[in-house]
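Okay, structure first, notes after.
The values are calculated or read from the model by the stated rules, or taken from the named source; none is laboratory data. Since we're looking at a predicted model, the values are computed, not measured. Methodologically, a virtual Cβ is constructed for each residue, glycine included, from the backbone with ideal geometry; neighbour enumeration extends over all protein chains shown. Just the protein is used for accessible areas: all its heavy atoms, side chains included, with ligands, DNA and RNA removed. Shrake-Rupley method; radii C 1.70, N 1.55, O 1.52, S 1.80 Å.
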Amino acid sequence: MVRSFYDVLQVERCATLDEIKLAFKKRALHVHPDKGGSKEAFHLVYHAFETLADPEARRKYDCRAATGSQAACHTSSGHQNKAAKRSQPSDTTKAPKAKLCEFQQAKLLSRIHDLLRDLPRDVRNAVIKQNFSPKQRLILEKWMVDTKDPSTESAPQRPRATEDMVSKGDPLTASLALSLVGISNLRPKVSKMALARKKSKRNKTLPKKKRHRRTGCIQESVSFGRCVGYLTKIIFDGMDIRTGQCSDLQTAVDWVVILTSVKQKMQDPTTSSSCFEERLRGALMESTAEHGRDVAALNLRFAVHQSAGFFLGPHNFVRSPTVHTIEDLGKLRSFLDPFRQYSRLIGGASMFWWYSPEHLQDAWQNFQMAVQGAWAAAGVDSTEVLRRFCARYDGTSSSRGRHLRNWEREHMALQDKLKHRPKKLRYNYIPPNQRRSCDSGDPVHAVKKPLVTWKLLLEKKAQRAEKERRKAVRKQIKARQERLSELKRMRDRGEKVFSQHQAAFQESRKLAPRLAALRWCSCMAWVRFRTRAVMEASSGGGNCSIPNAKASHDACEQAKRFIFKALDSVVSEPRVRVLFDYDLVGEGVWSGGGKEPLPTESEDEWHRRSCEFDLCRIAHQVERAPPEDVNSTIPRLLVMQPYGTPHKRLRLPEVARMILERHNWFTQVENMPLLNLCSKSAIVGPILHLEVPPPPDFDLDDPEVRSKVERGEDLGKANQEDGLPGALHGSVGLLYAALAFEEEIVNVHFHPGSLVLEGLMEMFLHYGPKLRTISLQGNAGFITEDSLSLLTLAGDTVKTLDLENCDLDPSFLEGILNTVKSLRALQVLELAGNKLDGPTALHMVAALCDNRIDLDILRLDGNPLGTPEVFKNEVATLLATRGESVVAGGDLVLHVGDDAVRWCAAPKEGSLAWRLREDGGDVVRTTSLKEMDRMVAQVENQLQKWEVADPRAAKSAGGRDWLRRKRTHNAGVWASPGLRFYRKQRAWLASQKD
């Protein structure tokens, strides 16, 4: 997968330097090997930060990314690249012709470019205007931009020995080399044929991904196989700067950011100071001051780290002894810095192109003396180091000899080029046809022949492209036909499955299997009619076209009418009518000249209520499906009333509430009381209260009841006896679930009776709608571990869980934590008025921090927490520890009486933590709402005192702007939701006390 540096750091392309630094710190802590990451991922994150933190490097990176350069992207795996290349067989078959065509075009463009360059400006413009088409102009301009060598723009100045070497050769060769387009500095001369071969070879090979050398890293300090700390280092400009040992990874990452800032300041060409020691000391002071650190705390150590590849072999570096002062580092650099120029290769050529063998031999002797002097300045013996360097120098003698022989051969060929090469391969040779055209004075004639050839080549290229386009069109048509045939096969399978479910629905005799077949048949009917609409819209060779609005409406209407017809056939059956009549009226259903008996399986409450729930849910779902103008034909339930009362036709979704109200079940739906808004979190929407009906009320005027009372007999449960429709049974939870679906209720309050009744709470949470609020408030003595475990059935949509005044003691802590872990979307947890002591509450907060559970509000007031200030400090410590390790999270407010402890993972704009960070704070601080309120007033008093003490500065333009920004920040904190809630809560508490 291709990712940019912005994706690696997870920042926007318009991110500021502070945002990039903060993102690097978070990502570094996340991908470090000690945090479960990998070494490669950490180095990639640091390289992205190093590039984007430097303005010039970031500008170049954005330019490369805008032009589609591969250097601006990184791949997550090299194996994926190889697999991607192997998965493109068409490119390999087209490669020879395409590459040959590109090579011929590049050769012609080079020829035309050379001819046009030799013409005067006005003649050149006339030739381009008269003989070049707009397409040819764009191709030539793009070729000139692409073939320009970008490395020549910032290439270092070559040694003077090269200019002397070229000047000693043939003057024509030197002048030709200096006049080459796109080359601004001298290089070893190569023939045109060699250049053409090299260029064609480069065109044939894919560009390799640029390898970046890592300059900064974090190392572990290991003692007896155990990590005891971290060390930070950075290498640049021939220097190795290392810090002392730190105990935590967070500090090490901060030190890496500081050292990277020092590197950027040292490499800034606009630095005014020319002395190395002053520049380094100033960069260290500025970087540490920007990040709020002290230079002495870093315990810096310095060393010289530079390449000496020509003397010691490739990939070998000279690292001096470690010193502790910048002055000693300057002394080491004065010894070793002159030898940085002797690398193995410069610009792809051998060292012998710039220095003579005698000069290099003298440089080796001087290098040994410089090493001896540098080691002596550091107070270290250099005998062993010089012995090792001499051994490496002797080991690389064969490589130096090979380079010397190559240089001699190429140097002789360069000097004797015109004398020994064939006439046609010389630089100053002009073919006869060009000679005549130049003599004739017609500047267009020289360009005409390659221009005609180029036009023919473009025509062939266009023909090839048209052929490929037609081939692609035929391939697309074939793919469309295959997908259309696949769609037809899917339609046939759908028709077959629909027929099977329809037959099962018609042949089922028992009610439960018949309802299951009805649900499947309804689903397949919807798929069947929609598939028909898609097939009709895709006729004529289309590719699964989406039908228009009218066709979609007609398909949905046909499916809906079919489902209504099937549902009506079920609802009109006598056994279904008698099932609803048993719970609604109890008068019975007469069919076929006699009274229809209640089916044996329907005498079981679970079976009867399950069938009622299924029919209500199917009718509710079909009624909500489009189009709504067909809902007038929905089947209705015919309820037979006693004699003299007209019969009723009821909507099936409304039957659940009618059954509950007939048997006095509590079905009250109300909003949250306004008196609780100051102390509790607001609940949006109505709340459904679940409670069992009250005990039956017996009529003492009834002689039979009076006689039972006189005899001392038990009056029983009346209509709530087991087996009767009004019995207290857990299956009623299914009727509550159907009621919640119909009335779109997402907030529910369970009363004690609903918790005691077995199965009611489980059925409602399992089959009911997705809830947003669950309240168990006031159920003291009725909450058990099983009740808390059942709350996990509500799913990932619950945002508020109210367990206030439920008599919860420390033994319920594990159950509460398991429930909170399962409810992943939970934001508010109300635990006020329970028996949770201070250690138990701290244990719960610590578990929330360790498991990365981000709650917006956790209420603990009314619990025996001990001293509020001590508990607040303990909680603040836990949250501060969490803030150091967490990468992303939300606000957490713990209400403790009239105070609250607030923690936020990242400072919000306008908050006190945001203002503290703007003023130079290193981390987000944990504070309380009371302290925030006091700090706002304190800051305003300080601003007023400053205005009185220095009115001249306060009235200046800069002072007014500074005051405006500070007061805007302060007003934002004052108007924050947390402080508004705090002030409202304090006012409410004061009114209650009065």
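Each peptide in 483-490, 864-871, 328-335 was scored by the mean count of other Cβ atoms within 10 Å over its residues; highest first, the order is 328-335, 864-871, 483-490. Can you give the FRET efficiency for Lys460 and Asp62, using 1/(1 + (r/R0)^6), R0 = 41 Å, r = Cβ-Cβ distance, to the nearest 0.05? The pair Lys460/Asp62 has a calculated efficiency of 0.60.
When we measure straight from the Cα of Lys129, which aspartates and glutamates land under 20 angstrom away, once same-chain ones fewer than 8 places off are left out? Leaving aside aspartates and glutamates fewer than 8 places away in the same chain, those within reach of Lys129 are Asp114, Asp118, Glu141, Asp442. Near the amide H of Gly229, within less than 5 Å, lie the amide hydrogens of Ser221, all on another chain or at least 5 residues away, with H placed in the peptide plane. Taking trypsin sites (Lys or Arg not before Pro) across region 495-533, the ones in a DSSP loop with at most 14 further Cβ atoms lying within 10 angstrom of their Cβ are Arg509, Lys510. Could you tell me which of the pairs Lys25/Lys945; Lys142/Lys460; Lys263/Lys872; Lys510/Lys648; Lys107/Lys467; Lys233/Lys821 are separated by over 32 angstrom between their Cα atoms in the structure shown? Too far apart for the 32 Å limit: Lys25/Lys945; Lys263/Lys872; Lys233/Lys821.
Normalised size of region 759-809, defined as Cα radius of gyration per 2.2 N^0.38 Å with N residues, equals 1.11.
Were the residues from Arg509 through Gln621 laid out at 0.36 nm apart, the gain over their Cα-Cα distance would be 37.9 nm. Restricted to Cα atoms, region 305-399 shows a radius of gyration and a Dmax of 13.5, 40 angstrom.
The GluC sites (Glu not before Pro) of region 727-821 that meet both conditions, a loop assignment by DSSP and at most 14 other Cβ atoms within 10 Å of the site Cβ, are Glu744, Glu758. Per the Debye calculation on region 803-860 with a single equal scatterer at every Cα and no solvent contribution, log₁₀ I(q)/I(0) for q = 0.18, 0.29 Å⁻¹ amounts to -0.56, -1.52.
Charge dipole of region 750-831 (Cα centre as origin; +1 on each Lys and Arg Cβ, -1 on each Asp and Glu Cβ, all else neutral): 460 debye, rounded to the nearest 20. Report note on the peptides 666-672, 276-282: ranked by the mean count of other C-beta atoms within 10 Å, highest first, their order is 276-282, 666-672. Packing, taken as the mean count of other beta carbons within 10 Å per residue, orders the peptides 815-825, 254-264 from highest to lowest as 254-264, 815-825. Of the listed residues Thr600, Thr968, Thr396, the order by accessible area with a 1.4 Å probe, largest first, is Thr600, Thr968, Thr396.
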